[in-house]
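The values are calculated or read from the model by the stated rules, or taken from the named source; none is laboratory data. The structure presented is a predicted model; accordingly, all values stated were derived computationally and were not measured. Don't worry about glycine lacking a Cβ; one is built from the backbone with ideal geometry, like all the others, and counts go over all protein chains shown.
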Amino acid sequence: MRWFIISIVITALASGAAFAGPNAGARLMVQGNVNGVSTNGFICADIPIPSTCEEMDPSAIPDSETSLYWYLAVVVSPPDNTPNFNTIVFGLGDYITADTYIGYWGPCIAGALEISTDGWPFPGEGTAVSWTPDCVYGYMEPVYYFGVYGYAAGDIPLDVHPIQGGVVVDCSVDPQSDDFFGFGAMGVAGSPGSNPYCPGLEPAPGACCFGPTVCVMLLEEDCLSEGGEWYGGDCEDAPCGPNPTQTTTWGSIKSVYR
């Protein structure tokens, strides 16, 4: 059974995502134990999931009995999808283990098989979880939990698996994988954490200027992080300077500005 499930995951990942599957655009978001309720060992059932994506909160306050900060990783699907999945693959980004230490972790789905890298759940490690042949169909499905000791404020970001990326695999006979569109971050010991934009609420790209003649359509946060000057609107409006503006793509100029 173990090798059967492994083959399902590997086959789905190797097949690529040439076409959008039923889980396209899904995010792996974070919901924290914002009320500090005692979980009594049933973390995935005791931490309530909000009724809407917009209400999800990646921060937490300590469990009233254990002083642990508890979090759920939740697969959030776009409202136009027909979500169905039985395998997820993801990892953890960089965080300071001396400040935020993960002491407990595991799948939310009973009977799930988990195959992790040797150092999981340390920074840069990853895990794959499958509960085939069962399947879940919800638009906001808790799939994993973490219990964290918080010694100083900090974030623990969900991220891609270091080898297999970050994907969700559907329940079809010929499994299809979709990349996670974005990842949340657990906010520990007073940190607010973060979540990606909810499906359907993504901001529109706008004009980003690199010098007086180069304009690229980017999201504001991407523009600023790459050293551009954000104007919004459309590059056709020539916002970058008094001279004619060259409209181009980020891929064609990033090698120049990095």
Listed residues 146, 210, 180; which is in contact (Cβ under 8 Å) with a residue 40 or more places away in the chain, buried (at least 17 other Cβ atoms within 10 Å of the Cβ) and more than 30 Å from residue 89 (Cα to Cα)? 210
Among the residues of segment 96-113, how many are buried (at least 16 other Cβ atoms within 10 Å of the Cβ) and out of contact with any Phe, Trp or Tyr (no Cβ under 9 Å at 6 or more places or on another chain)? 0
Could you look through segment 210-234, keep only residues that are modelled with pLDDT of 90 or more and farther than 26 Å from residue 181 by Cα, and pick out the one that is nearest to the chain's Cα centre (by Cα)? 210
Right, residue 165: modelled with pLDDT of 95 or more and in contact with a Phe, Trp or Tyr (Cβ under 7 Å, 6 or more places away or on another chain) or not? no
Suppose we filter segment 162-203 for residues that are of a type in the set (Val, Ile, Thr) and assigned to a loop (DSSP other than H, G, I, E, B); how many remain? 2
If you check residue 137 against the conditions, is it under 20 Å from the mean Cα position of the chain (by Cα) and closer than 21 Å to residue 189 by Cα? no
Got a sec? Which of 226, 220, 202 is among the acidic types (Asp, Glu) and out of contact with any strand residue (DSSP E or B) (no Cβ under 9 Å at 6 or more places or on another chain)? 202
Restricting to segment 83-121, give me the number of residues that are of a type in the set (A, V, I, L, M, F, W, C) and assigned to a strand (DSSP E or B). 9
